[in-house]
Amino acid sequence: SKDWNGIDHVLLRNPQGASARISLHGGQVISWKNDQGEELLFTSSKAIFKPPKAMRGGVPICFPQFGNAGSLEQHGFARNKLWAVDDDPPPLPPNDSVGKSLVDLLLKPSEEDLKFWPHRVSLAASGNLILISRVRNINGKPFSFSFAYHTYLSVSDISEVRIEGLETLDYLDNLHQRERFTEQGDALTFETEVDRIYLNSPNAIAVLDHERKRTYVIRKEGLPDIVVWNPWEKKSKSMVDFGDEEYKQMVCVDGAVIEKPITLKPGEEWTGRLEISAVPSSFCSEN
Ligand code: TA6
C-alpha cells in the first residue's frame, strides 16, 4: 500500500501483533515492531523518502558492493532500485521458525544483467525479524560481490550500549583506511565515532541496551563479518538526513561479507541469512 510517506510498501503482521514494514524502494525494512508496538529499528527524523536515495534507517541492503570500495555507487545499487513482491518466488531455504506472515521480494532484474536475487523478509511467530537473500549466478562468467544488511538498531542511549561477541576479533577500521587492528576490549562500548568491519565473527552477537533492559541477538549464516557504525556528533552534523543528536539513539550492527567477497562460478549460488530477536534482559547473554 501507499499510505506511508507516499511510498509503496508491504506491512507484515504476526498473530501476536508484531509487525514489519518493507519499502519496495530498495527492498528496505523500514520498521520492525515487537508485540507491544515498540519500534526496534532506528529511522532518522530527517530521513528523505525520495528515490533513488535510501531512507536513513531500517535495514538498507548493501549489494553488490559495500562502502565505496569499488566502481559502483556507495553500498551498491540494490538499495536504490525498485523491487517487486513476488507471489511465486523461486525456492529459498525452508524457514522453520516463521509464522504465516511471509513476503518474498524479488529484485527486479535490471537491464544490464539478467541475474535475479530473491530476497525474503519474514516475521516469525516469536516476533523475530528474518532476512534471507539468495544470489545465483545465471551468467556465463564468474560474479563477485560484497553484501551487508545495514541494520540501524534503535537504542535509548549509545553510551549505555555494549556489544558482546566481538572480543579478540580482528577488524578493519574505516576511520583509518581500513587498517587492520585487533579488538582488546571485553565488550565494545561507545565514546566516539566507530566505523569498523569485524572479521570472522561468531554467528551470534548480542547488543545490550542497558537502559531499556533489552538485548538484540543477531544470528547470521553466510555473513562472516560484522560492521559496527556510530557516526557520533561531528559526522552526524555532516549528514543532511540525520539529526545532530540522533547518534545517541542508534547503532548499526550489520551482518556482512566484505573482507573476502563472494565469487560465484556460473550456476553457483550463495545464501545469506540474518535473524534478529529483541529480548528483555537484565543480564547479557549471546547464546
Ligand atoms: O557503516 C559503514 C558505512 O560505510 C559508514 O562509513 C557510513 O558511510 C555508513 O555506512 C552510511 O552510509 P550511507 O551511504 O548510507 O550514508
> Tell me, in nm to one decimal, what length is gained between Lys213 and Thr168 on full extension, where the rule is 0.36 nm per residue of separation less the Cα-Cα distance?
Replying inline: 13.7 nm
> So what is the calculated 222 nm ellipticity per residue for the chain, using -39500 (n - 2.57) for each DSSP H run with n of 4 or more, over all residues, to the nearest 500 deg cm²/dmol?
Replying inline: -500 deg cm²/dmol
>> Using a Cα-Cα cut-off of under 19 Å, which aspartates and glutamates could be cross-linked to Lys213, ignoring same-chain neighbours fewer than 8 residues away?
In response: Asp35, Glu38, Glu39, Asp157, Glu160, Glu164, Glu286
> Which of Lys33/Lys260; Lys33/Lys141; Lys46/Lys141; Lys81/Lys141 have a Cα-Cα distance over 31 Å?
Replying inline: Lys33/Lys260; Lys33/Lys141; Lys46/Lys141
>> Let me check the size of the range 169-218 from its C-alpha atoms; what are the radius of gyration and Dmax in Å?
In response: 12.3, 35
> Expressed as cubic angstrom per residue, what is the convex hull volume of the alpha carbon set of the range 169-287?
Replying inline: 141
>> Need the full-extension length gain, Asp241 to Asn68, defined as separation in residues times 0.36 nm minus the C-alpha distance. One decimal, nm.
In response: 60.4 nm
> Under the classification rounded if a/c is under 1.5, otherwise prolate if a/b is larger than b/c and oblate if not, where does the range 5-84 fall, given a ≥ b ≥ c as square roots of the Cα gyration tensor eigenvalues?
Replying inline: prolate
> Can you give the Kirkwood hydrodynamic radius for the chain, in Å, rounded to one decimal and based on Cα pairs?
Replying inline: 19.1
> Counting other Cβ atoms within 10 Å of each Cβ, which chymotrypsin sites (Phe, Trp or Tyr not before Pro) in the range 212-287 have at most 11 and sit in a DSSP loop?
Replying inline: Phe283
>> I need the GluC sites (Glu not before Pro) found in the range 193-287, filtered to DSSP loop residues with at most 15 other beta carbons within 10 Å of theirs.
In response: Glu211, Glu245, Glu268
>> Just to verify a number: FRET efficiency for Ser159 and Ala84, C-beta to C-beta distance, R0 = 35 Å, to 0.05?
In response: 0.25
> How far apart, in nm, are the 7 Å Cα→Cβ label points at Glu193 and Ile48?
Replying inline: 1.9
> In the range 128-204, what is the volume of the convex hull around the alpha carbon atoms, normalised per residue and reported in Å³?
Replying inline: 143
>> Calculate the FRET efficiency for Phe181 and Val279 from the Cβ-Cβ distance with a Förster distance of 35 Å, rounded to the nearest 0.05.
In response: 0.70
> Among the trypsin sites (Lys or Arg not before Pro) within the range 192-270, which fall in a DSSP loop and have no more than 14 other Cβ atoms within 10 Å of their own Cβ?
Replying inline: Lys213
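A short reminder: the numbers here are calculations on the coordinates, not readings from a lab. Worth saying up front: this structure is predicted, and the values here are computed from it rather than measured. All Cβ positions, even for glycine, are placed from backbone atoms using ideal geometry, and neighbour counts span all protein chains on display.
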